[in-house]
Structure formats: C-alpha cells, structure tokens
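Reviewing the structure listed below.
The values are calculated or read from the model by the stated rules, or taken from the named source; none is laboratory data. Model, not experiment: these values are computed from the prediction. Note: ideal-geometry Cβ built from the backbone for every residue, glycine included; neighbour counts use all protein chains shown. The protein model used for the area step is the full one, side chains on, heavy atoms only, and it has no ligands, DNA or RNA in it. Shrake-Rupley method; radii C 1.70, N 1.55, O 1.52, S 1.80 Å.
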Amino acid sequence: MATRTMPAPNRAASLELIKNFSLEMTGKDIPALIEAKDGIPPGTRINVTFLGNEDLEMRVAAAKAARDLGFIPVPHVSARRLKSKGDLEEFLGRLQEVGAAEHLFVVGGDPAEPEGPYRDSLALVNTGLLQQYGVREVGIGGYPEGHPDIRKEDLWRALEDKSAALAAQGLKASIITQFAFDTAPVAAWIDEVRARGIQAPIRVGTPGPAGVKRLLGFARRFGVGANAMIVKKYGFSLTNLMGDAGPDRFVNDLAAVLADHAPRQDHHLPAQVGLHFYTFGGLLATANWVRHFTEEG
Ligand SMILES: NC(=O)C1=CN([C@@H]2O[C@H](COP(=O)(O)OP(=O)(O)OC[C@H]3O[C@@H](n4cnc5c(N)ncnc54)[C@H](O)[C@@H]3O)[C@@H](O)[C@H]2O)C=CC1
Ligand SMILES: Nc1nc(=O)c2c([nH]1)NC[C@@H]1CN(c3ccc(C(=O)N[C@@H](CCC(=O)O)C(=O)O)cc3)CN21
C-alpha cells in the first residue's frame, strides 16, 4: 500500500476539529476527574464507560460527578451486559435522578453472548424506554477499521438501522468511533457514512497520550490496526515502547485530510466531525494534552 505523504498541518482546521471535544472516563475515574476538572472547559461531554469491572453504583456515581462538576455526562449502556428489562429501567431511573440521563451512548457490549434480553444496541433503542427516562440524544458506535467479531455489512446495517430508529423516535443521534492510529481509514469511512445519507455528527475516537505499550495493548484487545507502518506514521516507533505517544500527528493529519475532503463548507451546519478522547487511565494527562495542543499547537 503506497504510504500517503502527510498533508501539511492546517492549524485552523486542527483547532476547528478539536473544539467541542469529548472525553471518556471509567467508573474508577472520579478522583481523576476531580483532579483534572479545572483544565476541562465547562459543558464538555464526559462519556462514562460500562465495563465488566464496574457496577451500577460506580457508573451512577461517575455520571453524577461529571454533572456536579459542570460537565455533560454521557453514560454508556452496554446491551449485552444488562441482565433484564428491570436492570435497564433501574439504570435509566438512577441516571435521571442525578440529572445524567439526557445524553446516552448505547453499545452492543463485549460479551460474546448477551447476559440478558438485549443482543445489540438497536434492541435498546427499540424498547421505547429511552425517552421515557428523559433521554434526548443517543450516541452509537462506528468502526472505521471494522470490528474483529462483527462482519462489515452487519456493522453498516446496524448503523443505518439505529440511525433510522432514533429518527423515528425523535431522538437526536451522534456517532462515536472506535479509536484509530491511521487517519486514512477514518477519512474514507466518514465519506462512506455521508454517502449512505447518515448526517449524524461524528466524534472520531482518538487515543489520549498514554504509554505506547498500553495503547498497543488496547489496540490489540479491540481489534484496532497497529502494524509497524501505522504506528510509525502515528509518531511512535516500536523501539521506544516506554515513551508517551500523544495524538498530535493523528489530529493534525486528520484535520488536514478532512479540510481537503470538505465539500463547500456551509458554516450554518453544526460542526459535523469532532474528536472523542479515550483516556485509558490517563484522564488528567489527556485533558492537559488537549489544552496544550489548543493553546500552543
Ligand atoms: N465504540 C466503543 O466505544 C465501544 C465499542 N464496543 C464494542 O463494539 C461492539 C459493537 O457494538 P455496537 O456498535 O453497538 O454494535 P451493535 O450492538 O449495533 O451490533 C451490531 C451487530 O453486531 C452484533 N454484535 C454486537 N456486539 C457483538 C459482539 N460483542 N460479538 C459479536 N457480535 C456482536 C450485533 O448482534 C449486531 O448484529 C460491542 O459489542 C463491543 O464489542 C464496546 C464498548 C465501547
Ligand atoms: N470493542 C471495544 N470494547 C470496548 O470496551 C471499548 C472499545 N472497543 N473501544 C474503546 C472503549 C474504551 N474502553 C476503555 C476500557 C478501559 C479503560 C481504562 O481506562 N481502564 C482502566 C483500568 C483497567 C480496566 O478497567 O480495564 C485503565 O487504567 O486502563 C478505558 C476505556 C472500552 N471501549
């Protein structure tokens, strides 16, 4: 595959891309969020993961903390990890009580077999329960490089079905993608989403600055492309595995590529593409990285 030459960084495009960024935290990251709060713009969306090693109390407490600290919580709901309809209603009810139900991210969930009645995120949308608990906007997953356990055509059908189901229920949709190191598949995937008539805002998953070993570990776990050429293009070599790799090159390259692709920019449209930072245990480091990139570039 011909290695594409990097377009020259386009500072204005990079600043446009990174504004209104969102961050991700796990149920264990409340202390980290408190430590990082002064460096995160008020009203920033903070996604709260729904992992196997968290419980209801941790997830609600994390969403409440994000709300109380002046941010917009976006709790994840993992369809396959829900034990029953009651489980879903309890979680939504608790989120509504703490003012954290307005924005949700629904996802299939990693279990190979559902632990309850919901086998995919569309099933959650189709319960018709979301708006009953005050949900107004629903995030759904996107996979520029595919998913190790799911066929490409199933991912595209799911994206189209969820978009249609959300529109039918008067719920706003947004797409958050799996993280990537290579911008080419991301730009191509965005073009295909738009070509399929899906206009929802897209937040491109971006790895926050984290140890290279940790990043490669998550990439392997989640089926994200990380071969030698890609990681070199991303800006870290396979030799200095101990270094911290910040997403400077990924952000600048993606912004420049999107600026080249952009159809005639109609500035009345809301920003259609933004960034979602996976913090991987480094919430403070990620918040600091975003602030420095935005201030100094
Ligand atoms: N993007 C993110 O931040 C996250 C992504 N995920 C992963 O993405 C997967 C897909 O989630 P969605 O995009 O919501 O897809 P989805 O729930 O809309 O499902 C798309 C299609 O893939 C199947 N599917 C879903 N999860 C599966 C699994 N774990 N194994 C095999 N087939 C599965 C579904 O039956 C459906 O046919 C999740 O299952 C999980 O592995 C999980 C958590 C966060
Ligand atoms: N297929 C798939 N499954 C996922 O669960 C998933 C994705 N993709 N895409 C990215 C997001 C981000 N995910 C995560 C997972 C763990 C941490 C994390 O920070 N974990 C802590 C403790 C270790 C742990 O709980 O696993 C850490 O310090 O790394 C963050 C984001 C889960 N997500």
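May I ask you to verify whether V138 is in contact with a Lys or Arg (Cβ under 8 Å, 6 or more places away or on another chain), more than 16 Å from ligand 2 (Cβ to nearest atom) and open to solvent by less than 30 Å² (accessible area, probe 1.4 Å)? Working first, answer last.
On the way: in contact with a Lys or Arg (Cβ under 8 Å, 6 or more places away or on another chain): yes; more than 16 Å from ligand 2 (Cβ to nearest atom): yes; open to solvent by less than 30 Å² (accessible area, probe 1.4 Å): yes.
Yes.
Filtering the stretch 178-194 to residues that are within 13 Å of ligand 2 (Cβ to nearest atom) and surrounded by fewer than 22 Cβ atoms within 10 Å (Cβ to Cβ) leaves only Q178.
Scoring I198 on the criteria (1) under 16 Å from the mean Cα position of the chain (by Cα); (2) over 28 Å from A228 (Cα atoms); (3) β-branched (V, I, T) leaves a single failure, condition (1).
Applying the condition of being modelled with pLDDT of 95 or more and either open to solvent by less than 20 Å² (accessible area, probe 1.4 Å) or touching an Asp or Glu at 6+ places or on another chain (Cβ under 6 Å) (or both) to the stretch 141-161 and asking which residue is farthest from K85 (Cα to Cα) yields P144. Here is the figure for the stretch 115-134: residues that are within 16 Å of ligand 2 (Cβ to nearest atom), open to solvent by 20 Å² or more (accessible area, probe 1.4 Å) and closer than 17 Å to D154 by Cα total 2.
Looking only at helices (runs of 4 or more DSSP H) that fall completely inside the stretch 1-104, which ones have 1 or more residues that are of a type in the set (A, V, I, L, M), at pLDDT below 95 and surrounded by 15 or more Cβ atoms within 10 Å (Cβ to Cβ)?
So the answer is 11-18.
Every listed requirement among (1) open to solvent by 20 Å² or more (accessible area, probe 1.4 Å); (2) touching a residue at least 60 places away in the same chain (Cβ under 8 Å) is met by G197 save one, (2).
Of all residues being more than 12 Å from L82 (Cβ to Cβ) and in contact with a Gly (Cβ under 8 Å, 6 or more places away or on another chain) in the stretch 94-126, which is farthest from ligand 1 (Cβ to nearest atom)? Just the residue, please.
Of all residues in the stretch 94-126, those more than 12 Å from L82 (Cβ to Cβ) come to 94-105, 110, 112-113, 122, 125-126.
When the remaining residues are screened for being in contact with a Gly (Cβ under 8 Å, 6 or more places away or on another chain), the result is 96, 101-105, 110.
Details: Q96: 22, A101: 19, E102: 19, H103: 14, L104: 12, F105: 7, D110: 4 Å.
Filtering first and then ranking leaves Q96.
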